[in-house]
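Here is the structure we will look at.
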Amino acid sequence: MKKTIHLLALGVLLNTVMYAQSVEDGVKAYYNGNYASAVSILEKSADKPEAAYWLAQSYFEDGKYQLANAAITKALGANANDPYLLAAKGQMQLFEKKAAEAKQSFDAAIAAAGKDEEDKAKVFNAVGHGITRAYNNIDKVGDINFAVAKLTEAKNLVMAMKEKKRDPLLVADIFTNLADATLKANPGEGSPAFVFYQEAIAADPTFAKAEYRKAMIFKSQNNAELYLQTLEKAIAANPANVSALEKLYDYYIFTAQDAAKAKPYGDKIVALLPPSPNNEYFKAVGLYQTKNYTEAINIGKNIISQAGEKTKPETYKLVAYSLIGNKDTAAAIPFVEDYFKNQAEENLVPKDYLLKATAYSTTPGKEADVVKTLMDAAVADTTVAGKVDILEQGAKMFAGKGALAGDLYAKILEIKPADRLTINDFFNAGYTGYYKSGQYEKAWKVFDAARTKFPKWNYGYMLAYGSSSVFDSTNAQNIMVPDGEKYIAYLQSPDDTSAVTPKRGEIFKTALALAIFYINKQKDTPNGLKFLQIAYNNADDPTAKEQVAGYIKAMGGTPGVAKSGATTDSTSTTAPAASDSTKKLRPLIPRKLRLPIRPRMLRQQAQKNK
């Protein structure tokens with residue numbers, strides 16, 4: 001009997017050790033970005049809270065939200081107050097855009113934390129991590145500043161402990177999560193996060209995840225040299241880091257297009273992953289690179305068929321790109337949509353949004369979706385140059401297709417620093433985007449800002465007036481007349497460097513249009529005469545000059561001589577009574593005179609101003 005008891009005790013001990021090793025190995029695989037291995041290890045012990053938590057995290061990173069939710073829900077059924085599972089539940093709720101419910105789960109996790117300082121630090125770390133991984137700068141669901149605060153508390157708690165009692169892995173993880181949260185709270189400001197990543201590496205030199213995350217800062221800065229160097233450092237710290245290997249593989253296969261350099265990284269990745277249909281992805285990528293799109297599509301679809309809900313998200317993207325390469329863009333839409341459904345939001349990059357926009361751009365009725373996708377892509381990119389490039393690419397998609405190009409070009413005016421805005425930026429938004437598509441009021445807003453920003457740019461004045469003369473032709477908004485007067489004043493000033501004939505011609509047309517407005521609409525003879533005199537003095541065509549002279553004489557004026565008493569106050573709402581001669585002249589003067597815009601001349605001027 002005594003021997004049997006000893007054997008039972010030994011069995012319990014062995015099971016405990018095996019369980020601890022399996023969870024530890026699963027966690028190690030998770031930290032190395034080897035989520036497939038982590039899942040295969042942790043799902044065997046998913047009835048244990050710790051294993052269920054890390055299993056859910058592995059699913060989250062691979063975009064498998066339903067599987068993560070199932071693992072959390074099942075484990076909570078038996079461990080309703082486990083703080084880590086509650087933190088994971090809150091994270092899931094943020095992915096589902098349920099911010100209020102998520103806050104309750106995070107608060108419950110914090111309340112369930114033990115009194116031990118290390119236990120508290122672990123729970124605060126889990127809460128901060130959950131918010132940070134679910135938060136993105138597009139939807140902005142969750143309180144990223146709360147995440148920073150909790151992670152800072154976690155850091156302070158562990159750093160207050162005696163050094164020999166600190167768990168290096170926990171310290172490294174807290175600093176890394178704090179760096180991630182800081183970056184999301186302050187997009188584009190990488191310096192504070194960089195310091196935290198360095199602290200993480202100092203705490204645990206084998207913690208390759210920190211080096212990997214640091215590399216992402218350099219990628220966002222388009223610093224390819226430091227990006228690659230830091231990824232290599234991550235692999236040096238831990239050769240099993242799949243995340244770093246995948247980024248190096250992607251860089252050499254897609255950016256550098258050097259299959260020979262990419263192959264060793266691909267081989268290492270396959271060697272580290274468990275057997276799976278997903279491993280065929282690397283073969284499909286090679287076929288895509290050699291433009292064998294049809295075979296790449298076939299392999300990709302086969303992976304999806306075999307792997308099902310565990311399909312590597314990048315496979316959907318690869319099939320979509322291959323279909324676009326095969327000139328079958330519409331067929332790529334369902335694969336793009338599946339990619340966005342299955343990829344973790346944290347892992348989406350600006351080019352993914354451009355892929356989505358490209359797929360939708362060929363489908364009538366999807367224009368609003370395309371613009372929103374492009375706007376999301378611009379938000380996702382953390383650099384101004386990247387945002388501008390995305391918006392410009394999007395605007396070119398809509399060239400000649402209405403005002404959507406104008407909206408995208410106008411967004412550039414919003415995001416570019418004021419000191420970096422150029423004449424071309426205003427020209428693209430105002431003329432190429434809005435004016436050509438008949439959106440004159442939107443065009444006017446752009447050119448009104450342009451003539452303030454660039455007071456010596458003649459087209460700012462001309463196109464502002466050209467726009468308002470259409471949408472405010474009756475001067476109901478008191479825009480058209482002041483615009484015409486500003487344009488004439490500019491043309492008469494030393495700032496205008498136009499050739500004499502075009503300048504005189506523009507003054508003639510604009511002054512005659514204002515004269516028509518004052519005489520026909522306002523019944524304002526003095527101002528009508530004033531602008532007729534300006535038109536007369538700038539008329540190069542003898543016939544036109546003679547006709548204008550006739551108008552001036554019929555109204556009691558003398559051609560070439562300004563009549564006293566004329567006013568330039570265009571805001572006056574009380575006009576003098578029209579004379580009999582004015583009434584007789586009204587039919588002789590055309591009711592409308594549009595400013596002719598010459599596209600070729602404008603394009604040449606825009607090119608000159610680059």
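The values are calculated or read from the model by the stated rules, or taken from the named source; none is laboratory data. All values derive from a computational prediction rather than experimental measurement. Note that we place each Cβ from the backbone using ideal geometry, even for glycine, and neighbour counts take in every protein chain shown.
Go through the stretch 244-264 residue by residue and tally those that are touching a Lys or Arg at 6+ places or on another chain (Cβ under 9 Å) and under 30 Å from residue 43 (Cα atoms).
The number of residues fulfilling the criteria is 5.
Can residue 446 be described as modelled with pLDDT of 95 or more and of a type in the set (Val, Ile, Thr)? Can you show your working first?
Working: modelled with pLDDT of 95 or more: yes; of a type in the set (Val, Ile, Thr): yes.
For residue 446, the condition - modelled with pLDDT of 95 or more and of a type in the set (Val, Ile, Thr) - is met.
Within the stretch 475-519, restricting attention to residues that are of a type in the set (Gly, Ala, Ser) and crowded, with 22+ Cβ neighbours inside 10 Å, which residue is farthest from the chain's Cα centre (by Cα)? Working first, answer last.
So in the stretch 475-519, the residues of a type in the set (Gly, Ala, Ser) come out as 476, 484, 489, 493, 498-499, 505, 511, 513, 515.
Right, trim to crowded, with 22+ Cβ neighbours inside 10 Å and you get 484, 511, 513, 515.
Working: 484: 38, 511: 45, 513: 44, 515: 48 Å.
Per the criteria, the residue is 515.
Can you tell me which residue among 359, 410 is farther than 26 Å from residue 426 by Cβ and either in a helix (DSSP H, G or I) or touching a Pro at 6+ places or on another chain (Cβ under 8 Å) (or both)? Outline the logic, then answer.
Values: 410 fails: farther than 26 Å from residue 426 by Cβ.
Only one candidate qualifies: 359.
In the stretch 504-550, how many residues are in a helix (DSSP H, G or I), touching a residue at least 12 places away in the same chain (Cβ under 8 Å) and acidic (Asp, Glu)?
1
Residue by residue, here is whether (1) in contact with a helix residue (DSSP H, G or I) (Cβ under 6 Å, 6 or more places away or on another chain); (2) closer than 24 Å to residue 552 by Cβ; (3) small (Gly, Ala, Ser) holds:
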site	(1), (2), (3)
463	yes, no, no
476	no, no, yes
490	yes, no, no
515	yes, yes, yes
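If you go through the stretch 115-148 one residue at a time, how many are in a helix (DSSP H, G or I) and over 23 Å from residue 31 (Cα atoms)?
Residues of the stretch 115-148 in a helix (DSSP H, G or I): 117-134, 144-148.
From the residues that got through so far, the ones that are over 23 Å from residue 31 (Cα atoms) too are 117, 145-146.
Count: 3.
As an exercise: evaluate residue 472 against (1) at pLDDT 95 or above; (2) within 23 Å of residue 528 (Cβ to Cβ); (3) surrounded by fewer than 23 Cβ atoms within 10 Å (Cβ to Cβ) and give the number of the one condition it does not meet.
(1)
As an exercise: evaluate residue 113 against (1) surrounded by 18 or more Cβ atoms within 10 Å (Cβ to Cβ); (2) modelled with pLDDT of 95 or more; (3) in contact with an Asp or Glu (Cβ under 8 Å, 6 or more places away or on another chain) and give the number of the one condition it does not meet.
(2)
Within the stretch 449-501, can you find the residues that are farther than 14 Å from residue 426 by Cβ, of a type outside the set (Gly, Ala, Ser) and in contact with an Asp or Glu (Cβ under 7 Å, 6 or more places away or on another chain)?
Of everything in the stretch 449-501, those that are farther than 14 Å from residue 426 by Cβ, of a type outside the set (Gly, Ala, Ser) and in contact with an Asp or Glu (Cβ under 7 Å, 6 or more places away or on another chain) turn out to be 465, 471, 479, 480, 490, 491, 501.
What pairs come out if I take residues in the stretch 94-107 that are on the phi > 0 side of the Ramachandran plot and pair them with residues that are at pLDDT below 95 and outside any loop (DSSP other than H, G, I, E, B) whose C-beta lies under 9 Å away, six or more apart or interchain?
Within 9 Å, no pair qualifies.
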